[in-house]
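The values are calculated or read from the model by the stated rules, or taken from the named source; none is laboratory data. Keep in mind that what you see is a predicted model, and the values were worked out from it rather than measured. In this analysis, Cβ positions are derived from the backbone assuming ideal geometry, glycine residues included, and neighbour counts consider all displayed protein chains.
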Amino acid sequence: MQRYLMICEKPSLMREVKACYDKHEREIQSKLGEIEFVALAGHICTNYEPNEYDEWNGLSWDKVDYPMIPAHWKIKMIQKEYNEKVMREIKSKLDLVNGLIVGTDSDVEGYGIYYLLETYLGITEKKALRFIEHSLTDEEILQQLLCMTDYHTDPIHKHYTQSFLMRSRADWLYGMNATRMMTTKMNFMVAVGRVKTPTIKLVYDNSEAIENFVPRNYYNLEADYGQFKATLTQDNKNPQKFDAPEDVPVDIPKYGIVESKTVKRESTHAPQLYDLAAIQTEAGKSLGYSPSETLNIIQSLYEKHKVISYPRTQCRFVSSEKAKEFPQMLSQMKVFEDLADVAAQIDSSVFSRVIADKKVVNDTEVNKESHDALLPTSQTPDLSKMSEREIKICHLIYKRLLAQFLPMVCEDKTVLITKHGDYHFIARGKIVIEQGWRVLYKGVKDAYIPALSENDNVNVEEFKIAKKVTTPPKRLTQATLLNAMEHIDTIIEDKALKKTMADSKGLGTPATRATIISDIIERGYVCEKKDGLYITDEGRKYIKAVEPLDITSPVFAAKMDTEIKKIQRGESDYNEAYDNMLDNLNVMCNQIDDIPEQEQLVDASCIKCGRPLAIDRYGYVCRECNVRVPRVIRGQRIDEDLVRQIMGGDETERLTFKKKDGKVFPAKLYWNFSEDKVKFDFSSGLNCPKCGATNIKLNNGGAFCDCGFKLFRNCREHILSDKEIERLINNDSLINVSMKKMDGTRFTGNIRLDENYETKIYWDKR
């Protein structure tokens, strides 16, 4: 009997597949053989860093002969305790099995995880079968285990692996070379990324457009006919705009005729099924979830609850084979009250109509991505075991499928042109004939136009000059930035480039976009406020530095992603594409060579000599006396405002820092002259109310003194702020504070310290 070791990408997948194997052990062993299991935790191996190659080891960044191109790509294990344990387990079993089962995610990244592992272990010649997960239901897992193909000979697997190689090596070559060269040129850290850089540029351009926007007043002339309104038009299409009220004509007769009336019946198809990017965008707009939050929720619906299909899909279509499961999928709608009644009314004849609809069922499109759109599985959702957020996302996915089985929206759209002397007015109306799939969503109201015919007389009751104001572009949010990354082609005018970028499906991949957005926020290039995303001073400085490079343009990333997609589909030769990439890399390095070296100064003076501080890759430095302030201290980014405070001899406000174990702690920063460096100040500046000791400790837990005084921050689930703690210590009271009773209900009370210096909760008897 054949023996296999299945290498799963994560423990959750291993548990599900092993449970299926145990349940169907006899059937699986008779057709395949015995299976042992081991689980990774994502990537276990990675490419070497430049300084780990002999040719660049020990060289400072300014001494390297660029571009750095490895003659032979080397791979190492990511040093983590879990990885070391798993690697030992895999090695111990390799000689005991006839072959391996590749159980990593069946997207490009999943293929990459296994490629790096098998290359590192030197087992590229060992037999390997590919497991493809479409959903984690028992039936689906069993089916996939029994129809696996050879990992090394199946062209689909080969193309996916080469696609990973192209993407990962492009990211390494462009990122490592551009980052090191630009950092050397600019004298501050410039982390360049093939996808990250144009994403920052999107936020920069949006912020610039908003900040430089100057609102402009303009005026329309509206005609009120009583039953409807119309607007003066010059081209019989759009309202005519005037710069000033006095420019609006006043000699227009109130009596006129209907010059033309057109009625066009339009049918609107239900919105496409979701892929990962589409559901992330929708959840951001309608629910306020960030892309990373939505991804985590979807992953949970897939892995934990098993109620949706493979989550990281880039496809919005269904295969004809999967379409056979439509009746079963629709039966799951019963768990949602608003969907159940609609689903119950669907006639069986509708299924053939949907299956024939190429906007829904399309084998060609599915084959491009190897996965269907996000769909329900055969597992009935148990809403009692799901969080509110999981229920909402699940509902969105189920509702989107149900919409495909409802009639199209049918509307009669009317355009009415009236003539008053030499002037023409336009009115638009809409009558909904069939709400169709829109019954699941927000309905649209009719815009009524009376039953008028050509040459009918009309009479204006009142002409009105309407003042309008131009509006600035909408500020990007995480959701709309995600959408902009996916649909980057919409901002390009060149038709050929537009198609190229549409084919590439935007910047990055659905699985990486959320991480990229989080990364540029975490690095301080972009900040998020209540109304959306803003470019920071750091981000502006970054874009100004990289602006001369082609890599700044989304076109650059899109062309590369298009090539990666072609390799994935077997439409392009990997070796040829790789050589072309190296040519482009040389062009980029030449562009950087032409940039003059710059010394970036900040608006802060050295605390010792008074000279302006410069910025280098590590932080802020005085070139005269070598005073230095790191750019990041224990996870806290140090911006120019904080540098000015420290260099001015002041303490900063209390900031939050991270310990090596990940725990956070509060402290202030100041310049210590005796040690000639920035130091932490843990003192609170508060005197103990019990013993009078100065500078009692203030941390995440509360305020504490060696005499035994304790004031905890958590007060009936009201978390005391630093200012509130200070007030209580200074014998003041906190009034009308929202707290929680033992039974979970909330109440409003007051807080003070009693005679024993303990927290006292009371109600104002007044």
* Structure fact -> Result of the Cβ filter at 7 Å on the stretch 305-333, keeping first residues that are on the phi > 0 side of the Ramachandran plot and touching a residue at least 40 places away in the same chain (Cβ under 8 Å) and partners that are in a loop (DSSP other than H, G, I, E, B) and hydroxyl-bearing (S, T, Y), at least 6 apart or interchain, is K306/S135; K306/T137; K306/T377
* Asked: Right, V360: at pLDDT below 90, not hydroxyl-bearing (S, T, Y) and not assigned by TED's automatic domain parsing to the domain that holds A223 or not?
  -> no
* Would it be correct to say that K392 is among the charged types (D, E, K, R) and at pLDDT 95 or above? -> yes
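Hey, among N206, N220, which residue is in contact (Cβ under 8 Å) with a residue 60 or more places away in the chain, farther than 19 Å from G539 by Cβ and in contact with a strand residue (DSSP E or B) (Cβ under 9 Å, 6 or more places away or on another chain)? Spell out how you get there, then give the answer.
On the way: N206 fails: farther than 19 Å from G539 by Cβ.
Matching residue, one of N206, N220: N220.
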* Structure fact -> All conditions in (1) in contact with a helix residue (DSSP H, G or I) (Cβ under 8 Å, 6 or more places away or on another chain); (2) within 30 Å of H157 (Cβ to Cβ) are true of N362 except (1)
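Quick grid of which residues meet (1) at positive phi; (2) free of Cβ contacts under 8 Å to residues at least 24 places away in the same chain; (3) loosely packed, with under 12 Cβ neighbours inside 10 Å:
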site: E675; (1), (2), (3): no, yes, yes
site: F682; (1), (2), (3): no, yes, no
site: R716; (1), (2), (3): yes, no, no
site: S721; (1), (2), (3): no, yes, yes
site: L734; (1), (2), (3): no, yes, no
site: T745; (1), (2), (3): no, yes, yes
* Can you find a residue in the stretch 589-610 that is in contact (Cβ under 8 Å) with a residue 12 or more places away in the chain and touching a His at 6+ places or on another chain (Cβ under 7 Å)? -> no
* To do: Output the number of the condition that D489 fails; it satisfies all remaining conditions of (1) assigned to a loop (DSSP other than H, G, I, E, B); (2) modelled with pLDDT under 85.
  => (1)
* **Residue match in the stretch 190-212 (condition: within 30 Å of T104 (Cβ to Cβ), over 19 Å from the mean Cα position of the chain (by Cα) and either assigned to a helix (DSSP H, G or I) or not assigned by TED's automatic domain parsing to the domain that holds T515 (or both))** => no
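Hey, among the residues in the stretch 700-723 that are outside any strand (DSSP E or B) and touching a strand residue (DSSP E or B) at 6+ places or on another chain (Cβ under 6 Å), which one's nearest to E653 (Cα to Cα)?
Of everything passing the filter in the stretch 700-723, R713 is nearest to E653 (Cα to Cα).
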* Residues (surrounded by 13 or more Cβ atoms within 10 Å (Cβ to Cβ) and of a type in the set (D, E, K, R)) located in the stretch 140-162 -> E140, D154, K158
* Please go through the stretch 619-651 and pick out each residue that is under 33 Å from the mean Cα position of the chain (by Cα), of a type in the set (A, V, I, L, M) and not in a strand (DSSP E or B). => I638, L642, V643
* Asked: Taking into account only those residues within the stretch 730-747 that are in contact with a helix residue (DSSP H, G or I) (Cβ under 9 Å, 6 or more places away or on another chain) and not hydrophobic (A, V, I, L, M, F, W, C), which is nearest to I696 (Cα to Cα)?
  -> D732
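When the stretch 416-456 is examined, which residues are found to be among the charged types (D, E, K, R) and at pLDDT 90 or above? If you could, list the steps in order and put the result at the bottom.
We begin by selecting, within the stretch 416-456, every residue among the charged types (D, E, K, R); these are 419, 422, 428, 430, 434, 438, 442, 445-446, 454, 456.
Correct list: K419, D422, R428, K430, E434, R438, E454, D456.
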* Structure fact -> Those residues of the stretch 525-571 that are closer than 30 Å to D107 by Cβ, assigned to a loop (DSSP other than H, G, I, E, B), out of contact with any Phe, Trp or Tyr (no Cβ under 9 Å at 6 or more places or on another chain) and in contact (Cβ under 8 Å) with a residue 40 or more places away in the chain come to a total of 3
* Test result for G110, small (G, A, S), assigned to a helix (DSSP H, G or I) and touching a residue at least 24 places away in the same chain (Cβ under 8 Å) -> yes
* **Pairs with Cβ under 8 Å, 6+ apart, first in the stretch 334-363 and under 18 Å from S320 (Cβ atoms), second among the polar types (S, T, N, Q) and part of a helix (DSSP H, G or I)** => I355/S320; V361/S320; D363/S320
* Structure fact -> Considering the stretch 652-671, residues that are over 18 Å from C622 (Cβ atoms) and surrounded by 15 or more Cβ atoms within 10 Å (Cβ to Cβ), and then whichever is nearest to the chain's Cα centre (by Cα), we arrive at F657
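For the condition outside the structural domain of G524 (by TED's automatic domain parsing) and at pLDDT 90 or above, what is the one hit in G662, G649? Working first, answer last.
Values: G662 fails: at pLDDT 90 or above.
The conditions single out G649.
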* Residue among A270, A230, A277 that is out of contact with any strand residue (DSSP E or B) (no Cβ under 9 Å at 6 or more places or on another chain), of a type in the set (A, V, I, L, M, F, W, C) and surrounded by 12 or more Cβ atoms within 10 Å (Cβ to Cβ) -> A277
* **Qualifying residue in the stretch 609-617 (condition: part of a loop (DSSP other than H, G, I, E, B), in the same structural domain as K663 (by TED's automatic domain parsing), in contact with a Cys (Cβ under 7 Å, 6 or more places away or on another chain) and not acidic (D, E))** => yes
* Structure fact -> Those residues of the stretch 1-46 which are closer than 17 Å to L136 by Cα and assigned to a strand (DSSP E or B) amount to M6, I7, C8, F37, A39
* Tally, over the stretch 333-380, of residues that are in a helix (DSSP H, G or I) and either surrounded by fewer than 17 Cβ atoms within 10 Å (Cβ to Cβ) or out of contact with any Phe, Trp or Tyr (no Cβ under 7 Å at 6 or more places or on another chain) (or both) -> 19
* Asked: Within the stretch 673-697, can you find the residues that are assigned to a strand (DSSP E or B) and either under 19 Å from I751 (Cα atoms) or not hydrophobic (A, V, I, L, M, F, W, C) (or both)?
  -> K677, K679, D681, S683, K697
* Test each condition in (1) modelled with pLDDT of 95 or more; (2) part of a helix (DSSP H, G or I); (3) over 29 Å from the mean Cα position of the chain (by Cα) for Q144 and report the one that comes out false. => (1)
